[in-house]
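To start, the structure under review is shown below, and the notes come after it.
The values are calculated or read from the model by the stated rules, or taken from the named source; none is laboratory data. As the structure is a prediction and not an experimental result, all values here were calculated from the model. Backbone-built Cβ (ideal geometry, glycine too); neighbour counts: all protein chains shown. Accessible surface areas use protein heavy atoms only, side chains included; no ligands, DNA or RNA. Shrake-Rupley method; radii C 1.70, N 1.55, O 1.52, S 1.80 Å.
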Amino acid sequence: MKITIWGNELPAWTSAAALAESGNHVKIVTGLDQAGNKNEIAFKISNEPGLQHCIDEAIRSGRLQSVTAEDGLIPATHIISLNPDEYEIAAQLAKDLAVKHPSNLLIINQSHFGVGSTDKLQELLYEPYNQALAYLPDMLAEGSALNNFKNPETIIVGCSNDWALLNIKALMRPFSQSLKQWMLMTPKEAEFTKFANTGMLALRLSYINELANLADHLEVDIEVIREGMISDPRIGPHYLHPGCGFGGLHFQQYIEGLSELMEVNRNSKLLDTVLAENEKQKEQPFRKLWRHYECDLKDKTVTIWGLSFKPGTASIDNAPSLKVIETLLAQGCKIQVHDPEAGSNIAQYFNNHERLEIVDCCYQALQNSDGLLLLTEWSEYWSPEYDEMLNRMRHPLIIDGRNIFDKEILHSLGFTYYGVGR
């Protein structure tokens, strides 16, 4: 099948790579006025496991090409994978494609412009001639995007056209061999489902963090409480891990979109509160450090382990590390940081600040440190060499923003330990 994908974000490149690998001939348009190039590809996807290799192989095979917008109009099957604020671009694209392909035009909207947007785009086409537009929400998580696309458990399709649905199933057939279910619904219902799923995850994260903050005041261990909660089959463990806040670009955008929808239609502030409390939660590691040193951090050397918004990615979009580093710099601290992937992104974000040192070894980051702040739970941090840590640190203080360490062991070794709700 010949396909054009429009977009330059992770969902666009993931779809392009996976579809090309499965035998399709894919064109990708990364801008509506110029073609993308290999440097742009590397910038967007080099930190996503397996994706760079998959793209490189698809390019070498000739099944993936980065093209101009004019060349991108030629195929009759298209995937729109744009940012939430680019609806007008999508609308103009739909008009142009309707002229180019008077019949048998399939457009799959992978973007989340809001509930009802796919129906609005469909109105720009002539459905009796099979100019059809469907919604296929991306269910990708940064750090596992390619695997998510190639091995889905569920595929949700918002589609009201039988011809379009038949073609979508054919397109997705290579990735549906172990599928648990196809879920067919209207485009508006599929858009709302994407919003609802994201909102539920945010609510669970926010709730466990609120409980953890309360546990701090009540002097109980939130990990004991959490184990009791997840033992109830009605609740389960998913997204119930207290920490120093969630991040990520698209996750935040989807929650903001649903928050606006709820406020406009229901006058509800529920998700506004979730977003505001999450920003406060990102400050928790700093607050604990600040209180420990009785509000005086000037000239302290602080170590940070983990800079990306979650393990498995170099992305620092809305990461807690951004707010923590900004606050520590304002307090006059020297900061020594380590992350397996995101160090260069942080250096660039803070313009290579003279009091911010990026190091290649997590233990080197502890040299003469007055405290360690753990912000991202990369696997290499879970079982560190405690003797090495003690030997390097000036003050053996650990503030665990992800609750990955055993506090009893740390106390027995002579560390001062603060967790989230512990």
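Considering only Cα-Cα distances, which of the following residue pairs are longer than 28 Å: Lys188/Lys282; Lys27/Lys100; Lys100/Lys180; Lys100/Lys120; Lys150/Lys188; Lys269/Lys300? Correct reply: Lys188/Lys282; Lys100/Lys180; Lys269/Lys300.
In a reduced charge model with +1 at each Lys and Arg Cβ and -1 at each Asp and Glu Cβ, the chain shows a dipole moment near 600 debye about its Cα centre. Consider a paramagnetic label point 7 Å from the Cα of Glu380 along Cα→Cβ; state which residues of segment 296-334 have an amide N under 15 Å from it. Under cut-off, by backbone N: 304-308, 311-314. Peptide packing: for 221-228, 348-355, the average count of neighbouring Cβ atoms within 10 Å per residue gives the ranking 221-228, 348-355, highest mean first. Scaling against 2.2 N^0.38 Å puts the C-alpha radius of gyration of segment 296-422 at 0.97. Taking only the Cα atoms of segment 160-258, the ratio Rg/Rh comes out at 1.13, with Rh defined as the Kirkwood radius. Values of log10 I(q)/I(0) for segment 18-168 across q = 0.12, 0.20 Å⁻¹ run -0.52, -1.49, by the Debye formula with one identical scatterer at each alpha carbon and no solvent. For segment 334-397 versus segment 248-268, the inter-centroid distance based on Cα atoms is 35 Å. In order along segment 203-216, the phi-based Karplus estimate (6.51 cos²θ - 1.76 cosθ + 1.60, θ = phi - 60°) of 3J(HN,Hα) comes to 5, 5, 4, 5, 5, 5, 5, 5, 5, 5, 5, 5, 4, 4 Hz; Gly and Pro are listed as x. Potential lengthening of the chain between Met200 and Asn265 amounts to 21.6 nm, from the contour at 0.36 nm per residue minus the alpha-carbon distance.
When you restrict to C-alpha pairs under 8 Å that are six or more residues apart and normalise by the size of segment 329-411, the relative contact order lands at 27 percent. Compute the Rg/Rh shape ratio of the chain: radius of gyration over Kirkwood radius, all on alpha-carbon atoms. Ratio of gyration radius to Kirkwood radius: 1.02. Based on C-alpha pairs under 8 angstrom that are at least 6 apart in sequence, the chain has a relative contact order of 11 percent.
With viscosity 1.002 mPa s and temperature 20 °C, the Kirkwood radius over alpha carbon pairs of segment 227-379 converts through Stokes-Einstein to a diffusion coefficient of 127 µm²/s.
Could you please report the charge total around Asn345, scoring K, R as +1 and D, E as -1 over all other residues with beta-carbon less than 11 angstrom from its beta-carbon? Every neighbour counted, the sum reads -3. Calculated on the Cα set of segment 84-242, radius of gyration then Dmax: 20.3, 68 Å.
Positive end of the charge dipole of the chain (Lys, Arg +1 and Asp, Glu -1 on Cβ, about the Cα centre): tell me which of Ala319, Asn267, Tyr386 has its Cα farthest that way. About the Cα centre, the residue reaching furthest to the positive side is Asn267.
For segment 1-156, what's the relative contact order in percent, using C-alpha pairs closer than 8 Å and at least 6 residues apart? Answer for segment 1-156 is 25 percent.
The listed peptides 122-133, 396-407, ordered by packing as a protection proxy, come out as 396-407, 122-133 (highest mean of other Cβ atoms within 10 Å first).
Counting charges near Asp232 (Lys, Arg +1; Asp, Glu -1) among other residues having Cβ under 15 Å from its Cβ returns a value of +2. Placing unit charges on each Cβ (+1 for Lys and Arg, -1 for Asp and Glu) gives segment 198-335 a dipole about its Cα centre, and among Cys333, Ala215, Ile235 the Cα reaching farthest toward its positive end belongs to Cys333. Rounded to the nearest 10 square angstrom, Tyr239 shows an accessible area of 80 square angstrom against a 1.4 Å probe. Taking Lys and Arg as +1 and Asp and Glu as -1, the other residues whose beta-carbon sits under 12 Å from that of His292 total +1. Peptides 271-281, 21-31 ranked from most to least packed by the mean count of surrounding Cβ atoms within 10 Å: 21-31, 271-281.
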